[in-house]
Amino acid sequence: GPKVLQIPSHQIIDMGQMVTLNCDPVSNHLYFYWYKQILGQQMEFLVNFYNGKVMEKSKLFKDQFSVERPDGSYFTLKIQPTALEDSAVYFCASSWTGGAEQFFGPGTRLTVL
Amino acid sequence: QQKVQQSPESLSVPEGGMASLNCTSSDRNFQYFWWYRQHSGEGPKALMSIFSDGDKKEGRFTAHLNKASLHVSLHIRDSQPSDSALYFCAASEHTGGADRLTFGKGTQLIIQP
């Protein structure tokens, strides 16, 4: 079936540095999402993205976060600068329409030291 | 208070038996409900969605929604070892734009051979 890829699978970074998480969504999908899951807690919505724009973001989407998808390439989540509380697994998802099934990637585990 | 609560946290069912998972929402704005399944090392994968009162059956899986009580359940008959996974209930308002999913903490299902 359709697959969402995430690169890298695991990233370890020092606090204060910048990190970019990459997502390769399903090829014909138009809507893109990032979710955050802290160990032992539920997955939480960060942001959704359509037609080159952020449509909605949660309070977890801090000013240090940004997303983009330049020219149909990877959908990226950039954190600059990183903080200890950013340590989590970040899941990317994509969907064909806004209300359709969201296909999730395997996640990127981010560890901020 | 979490807007989507799942029970039980974990469930052990013998192979061939029936597994029943529960989900309750505290937000009456939620119109759509999803069941996702996540195997270890993978991203969540949608099993089915439900938005009308009553039952929806797909193969061995049956979802039930009671909008008055905002209660959703998932029943898996003839459980197989491959059904062992983490099951998430997710809800959305389905406003017509890009849906933001609100997840529960999940139910860990173990099928005993």
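Structure above, values below:
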| quantity | calculated |
| --- | --- |
| The protein assembly as shown - Debye-derived log10 I(q)/I(0), Cα point model, q = 0.11 Å⁻¹ | -0.55 |
| B:Lys3 paired with B:Arg60, simple spin-label distance in nm, labels 7 Å along Cα-to-beta-carbon | 3.3 nm |
| Förster-model FRET efficiency, 30 Å R0, A:Met15 and A:Val54, C-beta, rounded to 0.05 | 0.75 |
| Loop trypsin sites (Lys or Arg not before Pro), segment A:1-99 (other Cβ atoms within 10 Å of the site Cβ: 15 or fewer; DSSP) | A:Lys3, A:Lys59, A:Lys62 |
| Descending semi-axes in whole angstrom, ellipsoid equivalent of chain A, from the Cα gyration tensor | 22, 14, 13 |
| Euclidean distance of C-alpha centroids, segment A:1-27 and segment B:53-96, integer Å | 30 Å |
| Length-normalised contact order of chain A in % [C-alpha pairs under 8 Å, at least 6 apart] | 39 percent |
| Förster radius 45 Å - calculated FRET efficiency between B:Ser20 and A:Ser66 (Cβ-Cβ, nearest 0.05) | 0.60 |
| Segment B:37-113: proportion of alpha-carbon pairs further apart than 14 angstrom, % | 66 percent |
| Subset of B:Lys45/B:Lys67; A:Lys53/B:Lys56; A:Lys62/B:Lys56; A:Lys3/B:Lys105; A:Lys57/B:Lys56; A:Lys53/B:Lys67 violating a 29 Å alpha-carbon distance limit | A:Lys53/B:Lys56; A:Lys62/B:Lys56; A:Lys57/B:Lys56; A:Lys53/B:Lys67 |
| Whole-Hz ³J(HN,Hα) from phi, Karplus 6.51 cos²θ - 1.76 cosθ + 1.60, for segment A:25-34, glycine and proline x | x, 4, 4, 9, 7, 10, 10, 9, 9, 10 |
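Throughout, read-outs are computed from the coordinates displayed, never taken from laboratory work. On a predicted model such as this, the values are computed, not experimentally measured, just so you know. Cβ coordinates were reconstructed from backbone atoms using ideal geometry, including for glycine residues, and neighbour counts include every protein chain displayed.
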